Amino acid sequence: MNKISRRKFVKAGFTVTAGVSGLAVAAKLAKRYGLVPPDSGGIYGPGETLTYAAHRIFSRHSLAREFSRSMISKDPFANSIAPLSDDFKRLQSGRFADWRLSVEGMVAQSATLSLSDLKTLPMRSQITEVVCEEGWSYIAEWIGTPLHEVLKALGVLPQARYLVYFSIEPDWWDSIDMDDALHPQTLLVWAMNNGDLPVSFGGPLRLYLPRQLGYKSVKFLTRVRVTDSVKGFVPALDPNSPNYGYSWYAGI
Ligand SMILES: Nc1nc2c(c(=O)[nH]1)N[C@H]1C(S)=C(S)[C@@H](COP(=O)(O)O)O[C@H]1N2
Ligand SMILES: [Mo]
């Protein structure tokens, strides 16, 4: 994507921004280099752009902190979820054997994968944190299939820019850029600590990204779509989304 050296960007004046006019300058530069997040309009727009562009330039490949086993939270906090649908309960009573993840859009080959299909790909385990914007956090061991393993196996088309992803819960969908979609710590999680991923934490399958706030880690994942546009899939701009008004890019 946007190959631009740190030095060049600094030279261009990005880091000497301060105050509102500085933000506007930064926004202009970010636009020139294609680093504008989809919720860049409105009064917080320049700030959103500054955060996103800065993260993408200076820490595009950075890893979220991983902790030692002794730091795993004894009492991880599962945020409350709405009552689950009959469809969900039916899948649950079949121990999720019929749970499917469909992978579609700008991939050379689309696919519909069961949990056991996912488990045939290389897996990853990481001890990382979930941070909620409401002020709590916990550390757990997350085990799953890195999303990039699936996307690379299917072949991402060169024009791909974003990933839109959906829960079985109708209002829970979100989108991320391809940097986060292909990041080594972005996992399709199917196990946590010592067992299968509990339903309260998004089981049987959750898209988990430790580099962003908890609300981006959608539970009960059923569908991912690789695309060149997130138009219509930006929670920050959609009054029907539970994440309406929250930053699209919630990097931590
Ligand atoms: N499908 C779905 N995904 C969801 C939510 C939800 O209600 N439904 N809540 C989100 C919010 S606001 C947060 S902070 C985290 C909470 O994750 P936890 O339950 O593991 O603490 O999940 C996110 N993913
Ligand atoms: Mo949250």
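Here, each number is a calculation from the coordinates, and none is a lab measurement. Predicted model, so just to flag it, every value in this text is computed and none were measured.
Apply the Karplus parameterisation 6.51 cos²θ - 1.76 cosθ + 1.60, with θ equal to phi minus 60°, to every residue of the range 40-56 and state each ³J(HN,Hα) to the nearest whole Hz, in sequence, with x for glycine and proline.
Karplus-based 3J(HN,Hα) across the range 40-56 equals 7, x, x, 6, 8, x, x, x, 4, 5, 4, 4, 4, 4, 5, 4, 6 Hz.
Work out from phi, with θ = phi - 60° and the Karplus expression 6.51 cos²θ - 1.76 cosθ + 1.60, the ³J(HN,Hα) of each residue of the range 101-106, listed in order in whole Hz, and give x for Gly and Pro.
Along the range 101-106, the couplings run 10, 9, 10, 9, x, 7 Hz.
Could I get the Rg over Rh figure for the range 122-230? Both from C-alpha atoms, Rh via Kirkwood, rounded to two places.
Checking Rg against Rh, the ratio lands at 0.95.
As a check on your grasp of the helix formula, calculate [θ] at 222 nm for the chain: sum -39500 (n - 2.57) over DSSP H runs of n ≥ 4, divide by the residue count, round to the nearest 500.
-6500 deg cm²/dmol
If each residue of separation counts as 0.36 nm, what is the full-extension length gain between residue 89 and residue 110 once their alpha-carbon separation is subtracted?
4.9 nm
Mind jotting down the three principal axis lengths of the chain based on Cα atoms? Whole angstrom, largest first.
On the principal axes, the chain reaches 57, 42, 35 Å in Cα extent.
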